[in-house]
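Colleague: Okay, handing you the structure first.
What follows is calculated from the coordinates using simple rules that are stated; it is not laboratory data. Computed from a predicted model, the values in this text were never measured in an experiment. FYI the Cβ positions are ideal-geometry reconstructions off the backbone, even for glycines, and counts take in every protein chain you see.
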Amino acid sequence: MRYGLPYRGSKSRIAPEIAAHLPSGAVFYDLFCGGCAVTHAAMLSGRWERFVVNDLQGDMAELFVNAANGKYRNEDRWISREDFLSQKDADAYVRVCWSFGNNGTSYLYGREIEPYKRALHHAVVFGDFAPLSELCPEVVDSCRAALSGVEERGARRVEIGRAVVRWLKANGTPEMLLNNPLYRSSKFKGGRVDFLESLESLERLERLERLERLQSLESLQSLQRLERLQSLERLERLQSLQSLQSLESLERLQSLESLQSLERLERLERLESLQSLERYSTDYRDVPIEDGGVVYCDPPYRGVSGYVTGAFDHDAFYDWVRNAEFPVYVSEYSMPEDFIPVWEKPVAVLANQKGADGKVTERLYLHEKWANEVWKPTLF
């Protein structure tokens, strides 16, 4: 499962683990929220009642809040280059989801490939094969057959890609691959089928809305995870039976597991009753923090380039964390010696960030003065 929105430096792959290593509380603060991946995981955990997200570049936070409130429930537009240039300043969805690399400035597709992407969009979203018939008539029958009876848009997006790849493998010629911008796409040549980037971004927005609707796919997935957890517990109970010496020990074990199952059910129910999701677009030091709030920070990493927010004063940030009257949990690769790592995990990164083995170690830090306050996590 992916968490939050597409974003450079996103914590999507490790967001649940980060959230699990933070203490529960009334309010969860994500002061450098980026694509809101950790906030998304925190919301799904059910361990906080309210959520505050902040980021100087407010586009992502705005998208996240709007998506959670259902704004993009019926979104199906094709955004052309001209639409993008005229609407991006007023529409965060257009600015982020239809820009290259979600950079908010340049259009998602090159001029040559744009009409082909439009044709695929129309086929997947509207069931309209006319644009595809004009550009790639040879694959229309295969694509139409592949989408027949497939209703869910994410599945349609994948199936049409598979249909094109299958057709090319069976019928493609070197001349065809050379002359058709769609067929010579590196994604198709590599066999990739989930190639409609704009729809991928939209699907992530739609998943956020499902936080509040248990009848949604997101909630069904959560229920499926719950069923798998319950199955695992039943297996663990069976294994425990072999070593239990008395019925009294068995009864104690069953009682604990019943509470664990109840707590998981209650967490699912709380997805429907999230009280508040507030958004700021200001300096991290200016966000008001309530007593007992849980503060998480994912600032620009020291020594990593390419952030759109410009230069960041890391030393000033470290001093703010040291002097804060509340514990601040910080994601980073490394921090000064007076910060203690409370969790770490090696992860694969982009080529320009790699260590010798192609991985770096993500860490969650806490200042040493809060060492006795370290949260003992329970993974959800």
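Colleague: Which of the listed residues, 115, 130, 101, is farthest toward the dipole's positive end in region 81-206, when Lys, Arg count +1 and Asp, Glu count -1 at the beta-carbon?
Modeller: 101
Colleague: Would you mind calculating the gained length between residue 278 and residue 87 on full extension (0.36 nm times residue separation, minus the Cα-Cα distance), in nm to one decimal?
Modeller: On the way: separation 191, 0.36 × 191 = 68.76 nm, distance 2.50 nm.
That works out to 66.3 nm of additional length.
Colleague: Given R₀ = 45 Å, FRET efficiency for residue 326-residue 74 by Cβ-Cβ distance, to 0.05?
Modeller: On the way: r = 41 Å, r/R0 = 0.91.
Working from the Cβ atoms, E equals 0.65.
Colleague: Another question about this same structure. Fully extended, how many nm does the chain gain between residue 304 and residue 112 (0.36 nm per residue separation, minus their Cα-Cα distance)? All intermediate terms of the calculation are to be shown ahead of the outcome.
Modeller: Numbers: separation 192, 0.36 × 192 = 69.12 nm, distance 3.29 nm.
Extra length from residue 304 to residue 112 when fully extended: 65.8 nm.
Colleague: OK, next. Need the full-extension length gain, residue 56 to residue 369, defined as separation in residues times 0.36 nm minus the C-alpha distance. One decimal, nm.
Modeller: Details: separation 313, 0.36 × 313 = 112.68 nm, distance 2.82 nm.
Length difference between fully extended and current span is 109.9 nm.
Colleague: Taking a quarter of the surface of the Cα convex hull of region 81-206, what do you get in nm²? Can you show the working numbers first?
Modeller: Details: hull surface 30.8 nm².
One quarter of the hull surface, i.e. the mean projection, equals 7.7 nm².
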